[in-house]
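Data first, discussion second: the structure below is written as structure tokens.
Any read-out appearing in this document is the output of simple, stated calculations on the displayed coordinates, not a laboratory observation. None of the values given here were measured: they were computed from a predicted structure. Note that we place each Cβ from the backbone using ideal geometry, even for glycine, and neighbour counts take in every protein chain shown.
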Amino acid sequence: MAFKRIYTKISNITKATCTLKAEGARYGELAKVNGMPAQVISVVDEDVTLQVFSGTEGVSSYSEVVFTGSPPTLKVSDLLAGRFLNGYGEPIDGGSELRGESRMIKGNAVNPIKRSSPSTLLATGIAGIDLNNTLVTGQKIPFFANPDQPYNEVLADVAMRAEADKIILGGMGLSNDDYLFFKNKFTKGGVLNKTVCFINTSENPPLERLLIPDMACTAAEYFANDQKQKVLILLTDMTLYADALAIVANKMDQIPSKDSMPGSLYSDLASIYEKSVQFAHGGSITIIAVTTLNEGDITHAIPDNTGYITEGQLFLKQDPDIGKVIIDPFRSLSRLKQNVIGKKTRSDHPQVMNALIRLYADAVNAKSKKENGFDLNEYDKRCMDFAKEYSRKLLAVDVNISIEQMLDTGWSLLKTYFKKYEVGIKEEFLEKYWNEEKTIKA
Amino acid sequence: MNLGKVTGVISNLIFIEAHGAVTQNEICLIHTENKKLMAEVIRVTGTRVSAQLFESSMTIKMGSRVDFTGKMLEVELGPGILSKKYDGLQNDLAKMSGLFIDIGQTTPPLDNDVYYGFTPLAQEGETVQAGDWLGSVKENWIDHKIMVPFKLEGTYTVESIVKKGDYLINDVVAVLSSEVGEKIEVTMVQKWPVKRAINTFKQKVRPNTILQTGLRVIDTLNPIAEGGTGYIPGPFGTGKTVLQQAIAKNSKTDVLMIVACGERANEVVEIFTEFPQLTDPVTGRTLDEKTTIICNTSNMPVAAREASVYVGMTLAEYYRAMGLKVLILADSTSRWAQALREMSNRMEELPGPDAFPVELPAVIANFYSRAGLTELNNGAWGSVTFIGTVSPAGGNFKEPVTESTSKVARCFYALSQKRADAKRYPAIDPIASYSKYLDYPEFVDNADKFIQEGWVAKVQKCKDIIRNGLEARDQISILGDDAVPLDYHIAFWKSEMIDFALIQQDSFDDVDMNTSLERQKYMFNKIMEIGEREFVFFEFEQVGTFFKQLINILKQMNYSPFDSAQFKKYAKELEMAIQKNKEGTLTE
Ligand SMILES: Nc1ncnc2c1ncn2[C@@H]1O[C@H](COP(=O)(O)OP(=O)(O)O)[C@@H](O)[C@H]1O
Ligand SMILES: [Mg+2]
């Protein structure tokens, strides 16, 4: 750059932003305020407003503002593998500086007609996922979980079992313990050399989180498109990301929409999640995220907008009847399962899956009947017995079996507790599987 | 051309200092290093102009030059629209280079190097007016009419018209002269501003005939009419998109406009990959031949979301003016409303409910009013039927977009979370949903004539059975199985039967996904026969057992090809099962 643009008169300071008169500033460009990283979020005539990622503590009217002339970038190369970085894409692992091509984060959208239909199965061994909510590469899906549920553990399990060339972890407001948990898990699992971690812990300034997902996606696009690899992105916790968005919007005096969230929340989240893609050349980006809930409330703006964007959601829930965490078959959904179930998996998969869930719903009705003090009929009782078995053998997150085994287990449950006409399955499958004798290892 | 320069940027809102007059909604072009980015003027205050940018603003410098075009956002109309995949501004996505969409990349919407076989329809010396048919070309398998440009006012005389033959879209095919002798050269292409309706028809009449969608819960219970409007609100994951795509695949229409507005890219990919393989139930040709997709997915520029729905509607009106039956589907209209909200907030306008702009209800009403059944000047009929999805925040229908839409759309397909959770698809709530067309006497008459005498009355009776059944269910769950009369159980199970056999439909099963009206009639009569019949039971458990057997047989019928041996076998089983009850020889 020809000259450095330096200013020393700030006219307005909020907790997250500051405004000054400056010429030639560009929307989105990075700057340093008092040596701290900041980004231009509005230019109106001469007034330039910057969001200061670390917060404006210590910024004074005479603090120095230096504009860099360029938006946030990440240096991409194969050297990213194995590294731990912060929200600015700088190493936090004590290793060497990154080298490689500087790429603008928040890159352009993939032309929809150049996308391929995501239809490669991504098996996890967890029946609550593989059987009921089958995932594919190129999908984007969050876990919806209350803060007390072991979402990061499940996320890590999925990452370790899913077939991926690279795992990219974007940690936002991660507790230090959970950060170390992931680090440990990747190290012990021997996959450290295929992971890249962008970490913002709860000890770091919250606004720095805003950069994490875009950094993770930029790294992912490098591996998935340039290197044609299968990339899995883990984002945890997106609720804390959205909270940071709300802070900035609030300081900008924007009119909040539902739940104090900015009106652009949908677009903001979509720009991240839509980075998931299946390329025709075989590379792919799959995003599995975590959205923590407030007492299971999915109508809150964050999970609500997320659900409208992602290709389903995996809802973690404590099942008191078996004392385990399960993947709730009602509220969970994989919208891309149609692309593989019954096609890449056994043809009875869709019908068995639906029959089991429908009968589980009957069990829930029976349960509430019981709780309301009514007598259960014989069918109700069968349903409730079935539900317990189903939950233990197929819904619990600690299950780790093949899809074939899941289907066989399903049939055996159906046969044990129900009559043919009660399961509502197509005749051709009943003929094939109802009378088949198979020993199931539970 | 008027000029200006950029003075501010907040996300996709651009401030411009203008020299000279600027018109509201005029398109301006913002110069960057190597591109000109399109933006729409949304506010003018003296020389200060606010514009919404249809692109990412990352490459814009302060002080950049701005050209005001003097034109509103327009589409190009001509042969070649069908089978195209456009972005929200009618750029042909297939003509774009690279895997990623570069900022400011534009491509022509039509193909100027393709020859179309033109057949003249008008004679030299004939008097014509805007929208009249001058000639016809084959576009895929559709007779695409070349019309007198919509922008022309008054009457014209056909000076000359070319002979039958192959022409490029920009070739002059006719010359018209105005009343004052002005000569106008007509090609196969014309332009039209998207926010203005194409109103060259003679009259718009009340919709009166069913538009067949192949979905039982719609056609039989809540039919939408040709030229009608409908909306599908529902929390996420309840089946809005699947339902709309099912309608797209099965509907008996000539032309389909699909607007993917601010939703998932993979859903559009699914259409791209599936439609060329699917057969159109009307012509037997592949489905993509009659379909145009306009997509502005959620990661594409937000401001183009609004444009995308208008582009889709304008293209639909264009084909309606050719005397065709057009269906336009938009998923989701809420994303368009949200785009309006984002912009309104950035402009710091005083907000209405939930921070939406106060004019939202008017905008929505105006848009829905562009659908309709029209008689053209030459006596031919064309229609635009519109169905939009709505994505209410938190799944709560008491929100501005749902409420505004409810006031203008005539069919309401409410998707229920509870039904979706129980995998009762399509999750259309049978009680809350409605079709106002069932109350139109002209619709009732046509149903009498073309479906069956007394059809609508029978549909109402069916709804009564469902309603009674749900009331009975509530009583049973309050009082308990034993404490209610057997009749309650019978009423409940009759409604369950209607639910399972009629309302529920498997959109992923090759046979069940599309039910012809003829088949719907057959099944509906069967189901109503059972629904209106008296049965004999001695204890409540018999009721459930009996109806579950009937439901199972009915479902097997739904999965079997109509009138196949298999189908007939199940039909016989059904008769036998009913007969058994009559004779009092209940099983189990
Ligand atoms: N008619 C249907 N038959 C079977 N499954 C369905 C049906 N409708 C919806 N689903 C299931 O629900 C999921 C979500 O449906 P979708 O239409 O994408 O929801 P929405 O658009 O309302 O968010 C689908 O991916 C599918 O698994
Ligand atoms: Mg949808």
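Each principal axis of the Cα cloud of the protein assembly as shown was taken in turn, and the coordinate range along them, longest first, works out to 96, 86, 47 Å.
Based on the reciprocal of the average 1/r between different C-alpha atoms, the Kirkwood radius for chain B equals 26.2 Å.
Give me the inter-chain shielding for A:112-125: mean count of other chain Cβ atoms within 10 Å, whole number please.
4
Near the amide H of residue B:169, within less than 5 Å, lie the amide hydrogens of B:114, all on another chain or at least 5 residues away, with H placed in the peptide plane. Each residue of region B:133-143 was assigned a 3J(HN,Hα) from its phi angle through the Karplus expression (A = 6.51, B = -1.76, C = 1.60, θ = phi - 60°), giving 7, 9, x, 9, 10, 8, 10, 6, 10, 9, 7 Hz with x at Gly and Pro. Put a dot 7 Å past the Cα of residue B:452, heading toward its Cβ, do the same for residue B:58, and the two dots end up 6.0 nm apart.
Of the beta bridges in the protein assembly as shown, as assigned by DSSP with both residues counted there, near 65 percent are antiparallel. Protection proxy ranking of B:402-409, A:283-290, by the mean of other Cβ atoms within 10 Å over each peptide's residues and highest first, is A:283-290, B:402-409.
Note on A:296-308: average number of Cβ atoms from other chains within 10 Å of each residue's Cβ is 4.
Just how many % of Cα pairs in region A:294-442 lie over 25 Å apart, if you round to the nearest whole percent?
34
What does the structure give for A:40-48 when I average, per residue, the other chain Cβ atoms found within 10 Å of the residue Cβ?
Mean inter-chain Cβ contacts per residue within 10 Å come to 4.
Working from Cα positions, state the angle (0 to 90°, nearest 10) between the long axis of helix B:333-346 and the longest principal axis of chain B. Long axis of B:333-346 versus the principal axis of chain B: about 50 degrees. Note on region B:338-375 and region B:424-450: Cα centroid distance 28 Å, given to the nearest whole angstrom. Highest mean packing comes first when the peptides A:80-90, B:14-24, B:235-245, B:470-480 are listed by Cβ atoms within 10 Å, giving B:235-245, A:80-90, B:14-24, B:470-480. Among beta bridges from DSSP that stay inside chain B, the antiparallel ones total about 75%.
Averaging Cα coordinates gives a centre for region B:42-111 and one for region A:226-248; these two points are 29 Å apart. Normalising the average separation of contacting C-alpha pairs (under 8 angstrom, six or more residues apart) by the number of residues puts the relative contact order of chain B at 12 percent. Rounded to the nearest 5, the antiparallel percentage of DSSP beta bridges internal to region A:103-219 is 20%.
If one takes the longest principal axis of the Cα atoms in chain A, at what angle in degrees, from 0 to 90 and to the nearest 10, does the Cα axis of helix A:238-251 lie? The angle comes out near 40 degrees.
The chymotrypsin sites (Phe, Trp or Tyr not before Pro) of region B:522-576 that DSSP puts in a loop, and whose beta carbon has at most 10 other beta carbons within 10 Å, are B:538. Convex hull volume of the C-alpha atoms in chain A, normalised per residue: 159 Å³. A simple spin-label model places the labels of residue B:582 and residue A:227 7.3 nm from each other, with each point 7 Å out along Cα-to-Cβ. In this structure, the pairs whose alpha-carbon distance is over 31 Å, taken from A:432/B:569; B:204/B:252; B:71/B:164, are B:71/B:164. Each listed q (0.25 Å⁻¹) maps to a log10 I(q)/I(0) for region A:213-303, found by the Debye formula over equal Cα scatterers with no solvent: -1.18.
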